[in-house]
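Student: Would you mind keeping the following structure in view while I ask a few things?
The values are calculated or read from the model by the stated rules, or taken from the named source; none is laboratory data. Computed from a prediction, not measured in an experiment: that's the story for all the values here. Neighbour counts are summed over all protein chains in view; Cβ atoms, including those assigned to glycine, are modelled from backbone coordinates with ideal geometry. The area values use the complete protein model at the heavy-atom level, side chains included, leaving out ligands, DNA and RNA. Shrake-Rupley method; radii C 1.70, N 1.55, O 1.52, S 1.80 Å.
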Amino acid sequence: MNTELSGVLAIFLIAVLLAIPLGRYIARVYLGERTLLDPILGPVENLFFRLSRIDNSREMTWQEHLKALLSINLVWFLFTMFILMNMAWLPLNPDGNPSMTPDLAFNTSISFVVNCNLQHYSGETGLSYLGQLSLMFQQFVSAGTGMAAAAIVFNTLRARQTTGLGNFWDYFAKSTTRILLPVAFIGALVLIFRGSPMTFEGKDTMITLQGDTVQVSSGPAAGMIAIKQAGTNGGGYYGVNSAHPLENPDYLTNMIENILILLIPIAMVFALGFYLKRRKLAWMVMGVMTLGYLLLLAPTVYFEMNGNPAISQMGVSEPTGSMEGKEIRHGAAASALWAISTTVTSNGSVNAMHDSTMPLSGMHEMLGMMVNSFYGGVGVGFLNFYIFIIIAVFISGLMVGRTPEFMGKKVEAREVKIAMFTALLSPLLIMGGTALAAWMMVHYPSLPWLNNPGFHGFSEMLYEYTSSNANNGSGFEGLGDNNPFWNISTGIVLILGRFIPIIGPVAIAGLLAGKKYIPESAGTLKTDTLTFGIMVFSVIFIVTALCYFPALALGPLAEYFSM
Amino acid sequence: MRYKKQKGLFQRELVRAALWQSVIKLDPRQMFRNPVMFTVEIGTAVMLVVTILSAMQGGQSPELGNPGYNFVIFLLLLLTVLFANFAEAFAEARGKAQADSLRKTRKDTPAKKLNADGSVSATSSSSLQKGDRFVCEAGDIIPSDGEIVEGLASIDESAITGESAPVIREAGGDKSSVTGGTKVLSDRIVVEVTTQPGESFLDKMIALVEGAKRQKTPNEIALTILLAGFTIVFVIVCVTLKPFADYADTPISIAAFVSLFVCLIPTTIGGLLSAIGIAGMDRALRANVITKSGKAVETAGDIDTLLLDKTGTITIGNRKATNFYPPDGVRRDDLVRYSVLSSLADETPEGKSIVELASPEITKGLSIEGATLIKFTAETRTSGVNMPDGTRIRKGAQDTIRQIVERAGNAFPDDIAHEIQHISANGGTPLAVAVNEKVVGVIELQDIIKPGIQDRFQRLRRMGVKTVMVTGDNPLTAKYIAEKAGVDDFIAEAKPEDKMNYIRAEQAQGKLVAMMGDGTNDAPALAQADVGVAMNSGTQAAKEAGNMVDLDNDPTKLIEVVEIGKQLLMTRGTLTTFSIANDVAKYFAIVPALFITSIPALQALNIMNLNSPESAILSAVIFNAFIIPALIPLALKGVAYKPIGASALLRRNLLIYGLGGILVPFVGIKLIDLIVSAFV
């Protein structure tokens, strides 16, 4: 019991302690200062920039940034789709796996481009090694896209009036090569030493204890696992993700992978402080995020370690907690920690079955994705948080009798409009999608979607849309989601849930950057204080509660109270 | 500061007018301006239809529900809309009443119109056009706003300002403006009409309050967007709840849906929003400030820098003589005598104070009969008297006297030069006196700083407002007074363009600047400033340039105006917070009520232990409706502003209106439920 809890504590603390120096390093990268990798990667980058006629030192407006971001994402989508549809004849296919059908390739490409990684295939049989590598590439660039967007917003927060906000290609290339690549490289090395495969050879053969011969899928797994965690992607190499013994061999790899899930999202917060030289602001953001994270984590760990009351009622003792759907080598507490870490950060990789977690644990997992900014995905977590800051700044600015200001810029009607529109999107997509599915279930009860009718079935549908909107990619499973209805509807939610929450904050930040800078006075509401932190937290809490309370009451709450 | 005598908040005739207006305002074309209340009106209409349909069906359909219950919900929703309309109408009525009481003074009065041929014809004030001239003599009521083009008069402005002491207004200069409705006490003036009938500032203000011309201020627009956003969120919540409930096999009546929706959307702030804005202008009017737009009041709350004239604002109007300093070899009594002789005919306050300061024993018997008076002019910068015996006495600025003395070949005594420096360094103004081109001494004039002004500046500093003193004094004197009064900065030896430059420089740093002025040469600066308050006594040009007019001509009024602006924003912010925080309790009342019948387990969410689903929903709706009138006094009076720093203020308001907003409805709904369940 105590060992399990101390493992949870260690994972979280190590992640935070590593995130501080990494945050300092990220700030250096975005400030354009020299880093260790520059001599090696600089010339390669410059070659590519020259070939594609990109001037990576030209200052871009926020509109140009967004144009560049969206167009390169379209290119990747087409590129990935091409590979996935032609894997059968392309090289690096030792297992002879077939190409994907167009609809599955479409779904998979979208899902990897938007950093979500819903997987309606199993890696072992559905992909060639080239397919795996192309998705691995996607995991780098989609994470890099989000981080570049955050870098734009960082840039807008500096104390000046400008429309030139750095160069997207520069931010993007540096995010990918200077931050994600080294972190993933180190992570992959550790995983290789602990037993994850990294090879281009085909299937391995092994003889089990019973004497059977078993074919074991192998391939370049370790590299993919490292970036799926570090880039808050979550798309696993194997079908069962990090519950697979080669994807997550032991407790140590579990710790490392969990740390990687949290590392860059937390480091981005510290990077903000180092970048602006406003550490107190970073600590305010960090404090609010951590408070939210812990409030979701603590009860989840409690419920999972306490076991399932339905089983207890049958007189079965559960000394190790609720173990249904969990791996013995990780245990209940570490699985609960992972479940919350992966949902708050928009990661979506799993090491246990979320469908089997206790009702309120499931609710906390969903809440993590509904808020999607208690750390949040790399880069985009801060963007989501930024929207909450804008709303909090607006209301609290009025409350102290001054036109609201954030970082010396007046927040006016236009910014509020964009912020509200962006904030509205999540409830619209999540509740709208779930409502549509519920309507289908009522009118076509024969649909084979739900393994569990009733409240839990409702939670499964709610979870699916929540996960899609948050670009999380984890599933409650137990939901028959590999059919046109779910593929199409979640696909639409994926695209909207990815790009609008990037466009909105970047637009607001760009508009604010173009406004006159107002130096702080005694009447200015300081945003790097405990008081303002409480305000932001209250806004997040109230907005989330107001949007989702009825839905959660019908799903996990009803299930919990009925147990 | 002197407010008009406050009567009770809810005066009967105002309430009656507002009640009728709140029904008229049900017109959807008007309601549309307020998206939150407009959706409530739609909800009300829906409930009316449902009530009729359910009555026709005899209450058989579970979706339509019980006609009696539907009717009660319909009535409560209608009441919600009416309460919100009442808040707005009542604020309008109050503002209008306030403006009317000012306008009463300018009822049709007889006017003596001056014709082109110089004859005077009797007419009435309403027929006076812009550009007309009229004559006023002692005892006449001035028929219209205008500018004196000829003559000087003492005028009783108590009808407008409440100040009983008469004021002097004269042609030319900065005190040439007269206001319609005030009374000429002496002399005769010719006045040119400056405004068309119905277009005076007061008329414009009344139009602003009346709504037709009222434009939303920038912050109000932004807040409306925020509230519309929250409304849409709850549209999503309520619309999606239907398939959710169907999935869970829980029939929900239309009445319950509409009730849930209306309770959740921010009706409290939505219903009070325009009342708050009107009340802000009204509070300014109560402080005798006419605002030309609601935006000006709002901007006042954001002011970073305040430009204040020294004279009249920081110091009591005039300097006073406080000491005489003779040089070596001149007797002090002689200096005093000469000083008094030069000042006996001097009507300026400084001159009078010199006579007052001199002791009567020394000055007894002094006379200037037969002497030639030398008036102060801007060129000579001295004044004095030539005595019948040929003695030439001059007093004036020390550098001018020095010139006169040195041109005559006399030396300027060192000890006097030293004394002059000493006086300046202590914030005084030295006034040198020369007799027959020889220095006989220097008179020290001192500014008297207004009592209590330091506290006000302290308060401003805590509000984050920087104060700047503008004065014609030399930098040394200015610095001394600035320090003593506690202002943050000063502009010494200020020329009108200096004010302008200072304002521009501050604005270039992103700061908002307010200033007060009266003269024509202030007009450009008044126009440049973000908040320009013109004194009513000032010239027409100044009044046109500023965005507020102060009827009291009180330079410290700016401080009040800033607080009124802050109160306006704060009232909006706190009530928004309160309104949204209320939803937590309403959820705990309504959501269990919706589902309990089919999912008994959700009884656990009924933490208020409300009696029945019906009474729970009714209680929430009743609370939601009656919180609006309950908060009308707060909306009209405004949330008290305390200069305790922004973070402390946020903490305080978050605690009162945020936490309070969460807790109050729990108590309120529970109490209402206890009462309701006694009847149901």
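Student: Which of the residues that make up the range B:56-68 are out of contact with any Gly (no Cβ under 9 Å at 6 or more places or on another chain) and assigned to a helix (DSSP H, G or I)?
Tutor: Answer for the range B:56-68, where residues must be out of contact with any Gly (no Cβ under 9 Å at 6 or more places or on another chain) and assigned to a helix (DSSP H, G or I): B:Met56, B:Gln57.
Student: Which ranges mark the strands (runs of 3 or more DSSP E) fully within the range B:364-463 that have 1 or more residues being among the hydroxyl-bearing types (Ser, Thr, Tyr) and under 26 Å from B:Ala478 (Cα atoms)?
Tutor: Counting at least 1 such residues, we get B:382-386, B:428-435.
Student: Hey, another quick one. Which residue, of B:Val355, B:Val336, is over 21 Å from B:Leu569 (Cβ atoms), open to solvent by 10 Å² or more (accessible area, probe 1.4 Å) and over 35 Å from the mean Cα position of the chain (by Cα)?
Tutor: From the options B:Val355, B:Val336, the qualifying one is B:Val355.
Student: Another question about this same structure. What number of residues within the range A:392-408 are open to solvent by 10 Å² or more (accessible area, probe 1.4 Å), within 7 Å of chain B (Cβ to nearest Cβ) and hydrophobic (A, V, I, L, M, F, W, C)?
Tutor: Total meeting the criteria: 1.
Student: For residues in the range B:242-252 being within 7 Å of chain A (Cβ to nearest Cβ) and either free of Cβ contacts under 8 Å to residues at least 60 places away in the same chain or touching a His at 6+ places or on another chain (Cβ under 7 Å) (or both), which is least open to solvent (accessible area, probe 1.4 Å)?
Tutor: Residue satisfying both the conditions and the ranking: B:Phe244.
Student: Checking B:Asn288 against (1) within 14 Å of chain A (Cβ to nearest Cβ); (2) under 30 Å from B:Gly472 (Cα atoms), which test does it fail?
Tutor: Condition not satisfied by B:Asn288: (1).
Student: Looking at the range B:120-145, which of its residues are closer than 18 Å to B:Ser176 by Cβ, in contact (Cβ under 8 Å) with a residue 60 or more places away in the chain and either open to solvent by less than 10 Å² (accessible area, probe 1.4 Å) or outside any loop (DSSP other than H, G, I, E, B) (or both)?
Tutor: Within the range B:120-145, B:Leu128, B:Arg133 meet the criteria.
Student: Could you tell me which numbered condition B:Asn501 fails, if it satisfies all but one of (1) within 30 Å of B:Gly146 (Cα to Cα); (2) more than 14 Å from chain A (Cβ to nearest Cβ)?
Tutor: (1)
Student: Please go through (1) in a helix (DSSP H, G or I); (2) surrounded by 20 or more Cβ atoms within 10 Å (Cβ to Cβ) for A:Leu104 and return the number of the only condition it doesn't satisfy.
Tutor: (2)
Student: Then there is this: So, of the residues in the range A:521-533 that are within 7 Å of chain B (Cβ to nearest Cβ) and open to solvent by 40 Å² or more (accessible area, probe 1.4 Å), which turns out to be farthest from A:Phe374 (Cα to Cα)?
Tutor: A:Ala522
Student: Confirm whether A:Arg414 is within 14 Å of chain B (Cβ to nearest Cβ) and in a loop (DSSP other than H, G, I, E, B).
Tutor: For A:Arg414, the condition - within 14 Å of chain B (Cβ to nearest Cβ) and in a loop (DSSP other than H, G, I, E, B) - is not met.
Student: Mind checking which residues of the range B:567-589 are crowded, with 24+ Cβ neighbours inside 10 Å and more than 7 Å from chain A (Cβ to nearest Cβ)?
Tutor: B:Leu568, B:Thr571, B:Leu575, B:Phe578, B:Ser579, B:Asn582, B:Ala585, B:Lys586, B:Ala589, listed by residue number.
Student: Shifting gears a bit: Taking the options A:Glu324, A:Glu304, A:Glu318, name whichever one is under 29 Å from A:Tyr465 (Cβ atoms), at pLDDT below 90 and either acidic (Asp, Glu) or within 18 Å of the chain's Cα centre (by Cα) (or both).
Tutor: A:Glu324
Student: While we're looking at this one, here's another question. Here are some residues: A:Asn482, A:Asn452. Which one is part of a loop (DSSP other than H, G, I, E, B) and more than 14 Å from chain B (Cβ to nearest Cβ)?
Tutor: Residue meeting the stated conditions: A:Asn482.
Student: Quick one: in the range B:622-655, of everything that is open to solvent by 80 Å² or more (accessible area, probe 1.4 Å) and either part of a helix (DSSP H, G or I) or more than 22 Å from B:Met463 (Cβ to Cβ) (or both), which residue is nearest to the other protein chains (Cβ to nearest Cβ)?
Tutor: Restricting to residues being open to solvent by 80 Å² or more (accessible area, probe 1.4 Å) and either part of a helix (DSSP H, G or I) or more than 22 Å from B:Met463 (Cβ to Cβ) (or both), the top hit is B:Arg651.
Student: Do the conditions hold for B:Ala482, that is, is it touching a residue at least 40 places away in the same chain (Cβ under 8 Å), in a helix (DSSP H, G or I) and more than 14 Å from chain A (Cβ to nearest Cβ)?
Tutor: Criteria not met by B:Ala482.
Student: Working carefully through the options A:Arg158, A:Arg178, find the one that is part of a helix (DSSP H, G or I), touching a residue at least 12 places away in the same chain (Cβ under 8 Å) and basic (Lys, Arg).
Tutor: Matching residue, one of A:Arg158, A:Arg178: A:Arg178.
Student: Applying the selection to the range B:259-294, what residues are part of a helix (DSSP H, G or I) and basic (Lys, Arg)?
Tutor: Listed by number, the residues that qualify are B:Arg283, B:Arg286.
Student: Turning to a different aspect of this structure: Any idea which residue in the range A:497-520 is farthest from the other protein chains (Cβ to nearest Cβ), counting only those that are farther than 21 Å from A:Arg414 by Cα and open to solvent by 30 Å² or more (accessible area, probe 1.4 Å)?
Tutor: A:Glu520
Student: For the range B:218-233, does any single residue satisfy the condition of being acidic (Asp, Glu), over 23 Å from B:Asn70 (Cβ atoms) and part of a helix (DSSP H, G or I)?
Tutor: For the range B:218-233, residues acidic (Asp, Glu), over 23 Å from B:Asn70 (Cβ atoms) and part of a helix (DSSP H, G or I): present.
Student: May I ask you to verify whether B:Ala604 is open to solvent by 10 Å² or more (accessible area, probe 1.4 Å) and within 29 Å of B:Ala255 (Cα to Cα)?
Tutor: Judged against the criteria, B:Ala604 is a match.
Student: Tell me, yes or no, whether the range A:534-557 has at least one residue that is away from chain B (no Cβ under 14 Å) and not small (Gly, Ala, Ser).
Tutor: No, because not a single residue in the range A:534-557 is away from chain B (no Cβ under 14 Å) and not small (Gly, Ala, Ser).
Student: Next up: What is the one condition in (1) in a loop (DSSP other than H, G, I, E, B); (2) open to solvent by 30 Å² or more (accessible area, probe 1.4 Å); (3) modelled with pLDDT of 90 or more that A:Thr163 does not satisfy?
Tutor: The single condition A:Thr163 does not satisfy is (3).
Student: Would you say A:Met366 is closer than 24 Å to B:Asp246 by Cα, surrounded by fewer than 24 Cβ atoms within 10 Å (Cβ to Cβ) and not polar (S, T, N, Q)?
Tutor: No; evaluated as a whole, the condition is false for this residue.
Student: Given the structure, is A:Val442 farther than 20 Å from A:Val371 by Cα, facing chain B (nearest Cβ under 10 Å), crowded, with 22+ Cβ neighbours inside 10 Å and of a type in the set (A, V, I, L, M)?
Tutor: For A:Val442, the condition - farther than 20 Å from A:Val371 by Cα, facing chain B (nearest Cβ under 10 Å), crowded, with 22+ Cβ neighbours inside 10 Å and of a type in the set (A, V, I, L, M) - is not met.
Student: Of B:Ala255, B:Ala275, B:Ala222, B:Ala321, which residue is among the small types (Gly, Ala, Ser), surrounded by 21 or more Cβ atoms within 10 Å (Cβ to Cβ), at pLDDT 90 or above and farther than 30 Å from A:Thr403 by Cα?
Tutor: B:Ala255
Student: Kindly indicate which of B:Val297, B:Val239 is in a helix (DSSP H, G or I) and facing chain A (nearest Cβ under 10 Å).
Tutor: B:Val239 is the lone residue from the list that is in a helix (DSSP H, G or I) and facing chain A (nearest Cβ under 10 Å).
Student: Let me ask another. All but one of (1) more than 30 Å from A:Tyr548 (Cα to Cα); (2) open to solvent by 10 Å² or more (accessible area, probe 1.4 Å) hold for B:Ala300, so report the exception by its number.
Tutor: With (1) more than 30 Å from A:Tyr548 (Cα to Cα); (2) open to solvent by 10 Å² or more (accessible area, probe 1.4 Å) applied to B:Ala300, the lone miss is (2).
Student: For the range B:165-191, what are the residues that are acidic (Asp, Glu) and crowded, with 20+ Cβ neighbours inside 10 Å?
Tutor: Of everything in the range B:165-191, nothing turns out to be acidic (Asp, Glu) and crowded, with 20+ Cβ neighbours inside 10 Å.
Student: What are the residues in the range B:224-233 that are facing another protein chain (nearest Cβ under 7 Å) and either of a type in the set (Gly, Ala, Ser) or closer than 10 Å to B:Arg572 by Cβ (or both), if any?
Tutor: Hit for the range B:224-233 is B:Gly229, nothing else.
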